[in-house]
Amino acid sequence: MSQPTKEQWAEIAKQLDCQLRPVYLRCDGYLVQAELSRVERSLKIVVYVNGWFKGAWIQIVTNPDELAEEPRRFWRHSKRQPIKAKELKLWEKIVGKRECRKRGYYTPRLIPSPHWNTPGSFIRHLKKHNESIEILNHETYMAAIDALSSDEEKT
């Protein structure tokens, strides 16, 4: 289990606070690029896995185990209720609590997002979900991405 040192993590956090300074990592065999970018009207950390940000990874699920491997390991997860509390009370009156439970109105939904608000939360998530983390430079990262894409073309 190899992890960057405390000083290296501090440097990564410092890089993620500035635009145009991406961070390249190899986490348990996955190539990860994180950079501060403008998303809508704010700056957020955007995460790319193996050079991609796939829309197929955005799934609304009830159990984190149902997510694909990439968003589970590297993306932020937010929980949302499927129905607002005011609407839920109305549905309870109309169909009853038992039927609301059967329909899943009480079960929160898990929504993955490739955007992180702060470097600290991103780093904590990486440490929690990955055993081996290696810091890469741009050239090494690009060579690994090229090798990965050529392997995909062969299969």
In degrees rounded to 10, the 0-90 angle between helix 138-154 Cα long axis and the longest Cα principal axis of the chain is 70
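Give the relative contact order (percent, whole number) for the chain; include only Cα pairs under 8 Å separated by 6+ residues. Could you put the intermediate results ahead of the total?
Numbers: 222 pairs, mean separation 48.9, N = 155.
Rounded, it is 32 percent for the chain.
What do you reckon, how do Arg73, Arg38, Arg80, Arg98 stack up by accessible area (1.4 Å probe), largest on top?
Working: Arg73 40, Arg38 160, Arg80 135, Arg98 180 Å².
The most accessible residue leads, giving Arg98, Arg38, Arg80, Arg73.
Using +1 on the beta carbon of Lys and Arg, -1 on that of Asp and Glu, and nothing else charged, what's the dipole of the chain about the Cα centre, debye to 20? Write out the running numbers ahead of the final one.
On the way: 27 positive and 20 negative charges, 320 e Å.
Here the chain has a charge dipole of around 1540 debye.
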For region 48-155, dividing by residue count, accessible area per residue (probe 1.4 Å) in Å² works out to 67
Given the candidates Leu110, Trp52, Val23, the one whose Cα lies deepest towards the positive end of the charge dipole of the chain, counting +1 at each Lys or Arg C-beta and -1 at each Asp or Glu C-beta, is Leu110
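Ser113 to Lys6: FRET efficiency via 1/(1 + (r/R0)^6), r the Cβ-Cβ distance, R0 30 Å, to the nearest 0.05? Can you show the working numbers first?
On the way: r = 28 Å, r/R0 = 0.92.
Working from the Cβ atoms, E equals 0.60.
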Per the 1/(1 + (r/R0)^6) rule, R0 = 22 Å and r from the Cβ atoms of Ile58 and Tyr106, FRET efficiency to 0.05 is 0.40
Share of accessible surface on carbon and sulfur in the chain, whole %, 1.4 Å probe and ligands ignored, is 50
Too long for a 21 Å Cα-Cα cut-off, among Lys6/Lys128; Lys44/Lys84; Lys84/Lys128; Lys44/Lys127, are Lys44/Lys84; Lys84/Lys128
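From the helices alone, meaning DSSP H stretches of at least four residues, give me the mean residue ellipticity at 222 nm for the chain, per-run term -39500 (n - 2.57), in deg cm²/dmol to the nearest 500.
Working: 6 runs with 62 residues, N = 155.
Estimated from H runs of four or more residues: -12000 deg cm²/dmol.
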Listed by chain and number, the aspartates and glutamates with an alpha carbon less than 20 angstrom from that of Lys97, same-chain partners under 8 positions apart left out, are Glu87
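The values are calculated or read from the model by the stated rules, or taken from the named source; none is laboratory data. These numbers were taken from a predicted model, which means no experiment stands behind them. Cβ sites come from the backbone with ideal geometry, for glycine too, and all protein chains shown count toward neighbours. These accessible areas exclude ligands, DNA and RNA; they are computed on the full protein's heavy atoms, side chains included. Shrake-Rupley method; radii C 1.70, N 1.55, O 1.52, S 1.80 Å.
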